[in-house]
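Everything below concerns the one structure shown next.
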Amino acid sequence: QVQLVESGGGLVQPGGSLRLSCKASGNIYSISTIGWYRQAPGKERELVGFIKAGGFINLSDSVKGRFTISRDAVENTVYLEMSSLRPDDTAVYYCKDLSPEAPWGQGTQVTVSA
């Protein structure tokens, strides 16, 4: 099974930008759908957006217009590109194969604060 590992989190000021990476251990196209999730303190995990192997991308209304998802086939990596960040974007961000049996990774912390 192809494993996914998130990276790229950090501390950023409100209005700033950050790019998260989701590196696959094998062929990224072998995964039908890769999703980006986030979990803020005291809140349930939510789906931020996903990209299908064919390239279709969907983003939640809460991030549409501020976040984008892209893919680098050579690097076997999916990116979550975040801009106009707000304090309520603070969360642990995860990427995951949307197959039910696929495991969760460790996530990467994003903190938006002045």
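The values are calculated or read from the model by the stated rules, or taken from the named source; none is laboratory data. Only a predicted model underlies this, so the values are computations on that prediction, with no experimental measurement involved. Cβ placement follows ideal geometry from the backbone for every residue including glycine, while neighbour counts extend to all protein chains displayed. We work out accessible area using only protein heavy atoms, side chains counted, and drop any ligands, DNA or RNA first. Shrake-Rupley method; radii C 1.70, N 1.55, O 1.52, S 1.80 Å.
Can you tell me which residue within segment 63-114, out of those that are in contact with a strand residue (DSSP E or B) (Cβ under 8 Å, 6 or more places away or on another chain) and among the basic types (Lys, Arg), is surrounded by the fewest Cβ atoms within 10 Å (Cβ to Cβ)? My answer is 86. Taking each residue of segment 27-42 that is under 10 Å from residue 2 (Cβ atoms) and free of Cβ contacts under 8 Å to residues at least 12 places away in the same chain and looking for partners that are assigned to a strand (DSSP E or B) and open to solvent by 10 Å² or more (accessible area, probe 1.4 Å) with beta-carbon atoms closer than 6 Å, six or more apart or interchain, yields nothing. Out of segment 77-114, which residues are out of contact with any Ser or Thr (no Cβ under 8 Å at 6 or more places or on another chain) and more than 18 Å from residue 18 (Cβ to Cβ)? Correct list: 96, 100, 101, 102, 103, 104. Kindly evaluate residue 60 against the criterion of being free of Cβ contacts under 8 Å to residues at least 24 places away in the same chain, in contact with a Leu (Cβ under 9 Å, 6 or more places away or on another chain) and open to solvent by less than 60 Å² (accessible area, probe 1.4 Å). Yes, satisfied.
Restricted to segment 92-114, and to residues there that are assigned to a loop (DSSP other than H, G, I, E, B) and among the hydroxyl-bearing types (Ser, Thr, Tyr), the residue that is nearest to residue 62 (Cα to Cα) is 113.
Picking from residues in segment 33-54 that are open to solvent by less than 30 Å² (accessible area, probe 1.4 Å) and farther than 14 Å from residue 98 by Cβ, the one that is farthest from the chain's Cα centre (by Cα) is 40.
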